[in-house]
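Everything below concerns the one structure shown next.
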Amino acid sequence: MRTLQASTSYSIGISSVGPPAPPTRHRHGIVAQGVVEPTEKSVEIMRKFSEQYARKSSTYFCVDKGVTSVVIKGLAEHKDTLGAPLCPCRHYDDKAAEAQQGFWNCPCVPMRERKECHCMLFLTPDNDFAGQEQTISMEEIKETTANM
Ligand code: SF4
């Protein structure tokens, strides 16, 4: 089984060409697509959504809950700023138009159709990084993203 490298910060991979990148970590500093801290209310909404959708889709959170946390916060930030939980792991030329179009609003079409979550929020059991949990607390989210 592959392991995730220990580090202190996360970023959400950005790619405008080719397949989107999953959340990644950087050794030096934080490189995050979103710099605005989401509201606690939206984080809670996306936390609950993530738990419910993991159960519904029979998928699991990453063995490293820091990955789960950063994606949930990215979704919450988009919910605050765009009114929709646009996938935080992609580059968009026009975020508002993408949010309105809906293809990449979570759960995105690839997830709904093929259980493909490139953010590593929802992992099928055969994924090397899949943990055994479908729950994450607000405390876990705060703890794992405290230094970001
Ligand atoms: S399900 Fe789709 S929109 Fe939601 S986090 Fe995963 S890749 Fe992004």
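The values are calculated or read from the model by the stated rules, or taken from the named source; none is laboratory data. All values derive from a computational prediction rather than experimental measurement. Note that we place each Cβ from the backbone using ideal geometry, even for glycine, and neighbour counts take in every protein chain shown. Ligands, DNA and RNA are stripped out before the accessible areas are found, and what is left, the full protein with its side chains, is counted by its heavy atoms. Shrake-Rupley method; radii C 1.70, N 1.55, O 1.52, S 1.80 Å.
Assorted remarks:
- Cut-off 14 Å between beta-carbons: net charge of the residues surrounding Thr81, Lys and Arg +1, Asp and Glu -1: -1
- Taking 14 Å as the straight-line reach from the Cα of Lys48, the aspartates and glutamates in range (excluding those fewer than 8 positions away in the same chain) are Glu40, Glu133, Glu139, Glu140.
- Computed accessible area, Ile45, all protein chains, 1.4 angstrom probe, square angstrom: 70 Å²
- Segment 61-146: C-alpha gyration tensor shape, a/c 1.5 cut-off, then a/b vs b/c: oblate
- For segment 117-127, 3J(HN,Hα) per residue [Karplus equation, 6.51 cos²θ - 1.76 cosθ + 1.60, θ = phi - 60°, Hz, x = Gly/Pro]: 10, 6, 7, 6, 7, 10, 10, 6, x, 7, 6
- Modelled this way, with points 7 Å down the Cα-to-C-beta line, the labels at Lys56 and Arg114 are 2.1 nm from one another.
- Note on Thr39 and Asp128: with the Förster distance fixed at 25 Å, the Cβ-Cβ geometry gives a FRET efficiency of about 0.15.
- Stretchable slack from Lys48 to Ala146, in nm (0.36 nm times residue separation minus alpha-carbon distance): 33.3 nm
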